[in-house]
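> First, the structure itself, so that you have it in front of you.
Coordinate-derived values only; no laboratory data. This structure is a prediction, so every number in the text was calculated from the model and none was measured. When we count neighbours, we look across all protein chains shown, and the Cβ atoms used for this are built from the backbone with ideal geometry, even at glycine.
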Amino acid sequence: MSKSSKTLAGLISDIAREQASGATPLPVGMGHRRSRSIEDAMETLGDQRRQTTVTIDPDLIDPAPQADRVAVDAGALEELRRSIEAQGQQTPILVRRHPEAEGRYQLAYGHRRLMALKAINADRQRSADGKGRLLALAFVRELDDLQLARAQASENLDRQDLSWIDKALFLRNLTAAYSSETAYDVLRLHKSVASRMRSVMDVIPADIITAIGSAPGIGAPRWLTLAEMFDKFPAAAAAAAREKINVLEVIPVGENGRTIGSDERFLALFNAVARAVKAAGAKGTAAGGPELPEVRTSKTSVQVKFARQHGAFGPWLEARMRSLWDEYVEETKR
């Protein structure tokens, strides 16, 4: 038993003996403090009991309901894998019993540790070196979905382990399951910051973000600039980005054995998209006359976007909206 456990247990024992002996009761104020001390001590001891670790087969642990990052850095994962294989798992993961699958668990945090354990076990299964499977060292707690998300966010945010785009992805997944206010609270985000994150996730295609990865060295300004380019010329930007992704996929590993990192991938795509957007803008101007307004459709609305210098188009369109709408209604009746 730890020193803190002995102290707390002794406090409870001393108070219990004092009450059993019929000692003179303390004044009301002090009695309240003593009662609170008992409650605090019992709560702390209960927390210590709940912190007892168990071992679980990694194959019985499923991912958290909401993904909290775009990708895992392969180099960092391999380093962690070697560390666990040499020294064992030093820090437990946190899981809950799976709410829908008997005998299984869901992960709250520790996904890289879990991935490393599964990778080690897969290698050992393929080899004939006689080494046994590793079990995951874990805390098991009773958590509902929101409590699990809070634990997941708290662990990553406290360790500053999520990149800007990781947080944006986590935010998008949380807002799909909870109210915006709840999601902002879980991730400790101001509404304005959250709004910028959501705008990036709405504009840049998911497959392109996934191809870039977590980009830990890339912050909000460059992601927002990339999103502006996608917003202005979506077709040209997406085509340039995907073309660059295909090029990066076939680049061989360098002499130092290191593949292209996530930050480098972002910068390569950023530069390719910037060139494509500049060319698209020049092409629109050379074609004669202003660029045609863009019609963008989302799940909840349809927007007409045009250059700011042609702002008079808005009142012009509004004045003719009735006739255009009537024409549309007539055509859709046919």
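> Could you compute the net charge surrounding residue 147? Neighbours are other residues with a C-beta less than 11 Å from the C-beta of residue 147; K and R count +1, D and E count -1.
0
> Taking a temperature of 37 °C and a viscosity of 0.692 mPa s, what whole-number D in µm²/s does Stokes-Einstein yield for the range 80-234 with Rh from Kirkwood over alpha carbon pairs?
In µm²/s, the coefficient is 185.
> Right, next: Only counting other Cβ atoms within 10 Å, I'd like 245, 61 sorted with the fewest neighbours first.
So the ranking, lowest neighbour count to highest, is 245, 61.
> List the GluC sites (Glu not before Pro) in the range 173-282 that DSSP assigns to loop (not H, G, I, E or B) and whose Cβ has at most 12 other Cβ atoms within 10 Å. Which are they?
Qualifying residues, ordered by number: 255.
> Residues with beta-carbon under 14 Å from that of residue 185, excluding residue 185: net charge, scoring Lys, Arg +1 and Asp, Glu -1?
Counting the neighbours of residue 185, the net charge comes to +3.
> Here is a follow-up. Would you tally the net charge around residue 230, using a Cβ to Cβ cut-off of less than 15 Å, leaving residue 230 out, and scoring K and R as +1, D and E as -1?
Result for the local shell: +4.
> Taking the Cα atoms of the range 154-240, what is the range of coordinates along each of the three principal axes, in descending order and whole Å?
38, 26, 20
> Suppose the chain between residue 123 and residue 235 were pulled fully straight at 0.36 nm per residue; how much longer would it get relative to their current alpha carbon spacing?
Stretched fully, the residue 123-residue 235 segment lengthens by 36.0 nm.
> Right, something else. Take residue 318 and residue 264, extend 7 Å from each Cα along the Cα→Cβ direction, and tell me the distance between the two endpoints in nm.
5.2 nm
> Whole-Hz ³J(HN,Hα) for each residue in the range 311-327, computed from phi via Karplus 6.51 cos²θ - 1.76 cosθ + 1.60 with θ = phi - 60°, x for glycine and proline: what do you get?
Karplus-based 3J(HN,Hα) across the range 311-327 equals x, 5, 5, x, x, 4, 5, 4, 5, 9, 4, 4, 5, 5, 5, 4, 5 Hz.
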